[in-house]
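The values are calculated or read from the model by the stated rules, or taken from the named source; none is laboratory data. This is a predicted model, so every value here is computed, not measured. Cβ atoms come from the backbone with ideal geometry, glycine included; neighbour counts cover every protein chain shown.
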Amino acid sequence: MIKLNHLFIASGLAVLALIFVSVIMAKGADDLDADAASTLRSFYAQSATHRDLALKASGVLIFPSITKGGAGAGAEYGQGVLRVAGKTVAYYSLSGASIGATVGVAQRSEVVLFMTPQALERFMNANVWSVGADAEVAVVWKGAGGTYDSETLQKPVLAFIFGERGVIADASLEGTKISRSPT
């Protein structure tokens with residue numbers, strides 16, 4: 001029983017350390033815009049379909065680096081840029097916490113395409129938005145090869161996850177919250 005308590009304390013400290021380091025490493029608007037542009041270029045390089053989809057999107061939310069880690073309890077954090085018509089209109093932060101399933105530390109990039117004006121408006125008007133809980137979001141993982149079935153393309157929001165680095169036993173988006181950031 002005591003060992004279990006130590007595990008939870010250690011896990012909690014690991015989560016707090018990850019969040020603390022992420023907040024300290026928070027970037028300014030210029031750095032975040034530059035990282036978002038680089039991430040978008042990497043996204044386009046994966047498939048010509050990605051560029052075509054992004055050009056059709058009403059808005060593009062780019063998270064250059066999301067860090068997720070933990071041991072028993074986990075946390076994740078990242079900063080993002082929302083672009084409409086190729087221009088930055090707002091900054092966002094992504095955060096999440098979990099208990100029980102996360103082991104390891106990893107980073108990833110994420111690009112979310114709002115394919116309809118209504119989907120973009122719902123996102124921009126929400127205080128907090130959850131990727132994994134929204135049934136209208138199609139999550140597209142790396143390895144999709146740039147081809148998508150017609151059902152995927154009918155979704156009003158497409159979330160692409162790529163560039164995974166590190167080792168982690170949980171790569172779920174469930175519980176991930178996105179909120180507007182003052183950056």
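Things worth noting here:
- Selection status of GLY78, under 20 Å from ASP31 (Cα atoms), modelled with pLDDT of 85 or more, out of contact with any helix residue (DSSP H, G or I) (no Cβ under 9 Å at 6 or more places or on another chain) and of a type outside the set (Asp, Glu): no
- Restricting VAL89, VAL112 to residues that are outside any helix (DSSP H, G or I), in contact with a Leu (Cβ under 7 Å, 6 or more places away or on another chain) and over 19 Å from PHE162 (Cα atoms) narrows the list to VAL89.
- Residue match in segment 39-48 (condition: within 17 Å of the chain's Cα centre (by Cα) and among the hydrophobic types (A, V, I, L, M, F, W, C)): yes
- Filtered residues of segment 40-70 (kept if buried (at least 18 other Cβ atoms within 10 Å of the Cβ) and over 19 Å from MET115 (Cβ atoms)): PRO64, SER65, ILE66, THR67, LYS68, GLY69, GLY70
- Residue within segment 9-30 that is within 18 Å of GLY166 (Cβ to Cβ), at pLDDT 75 or above and among the polar types (S, T, N, Q) present: no
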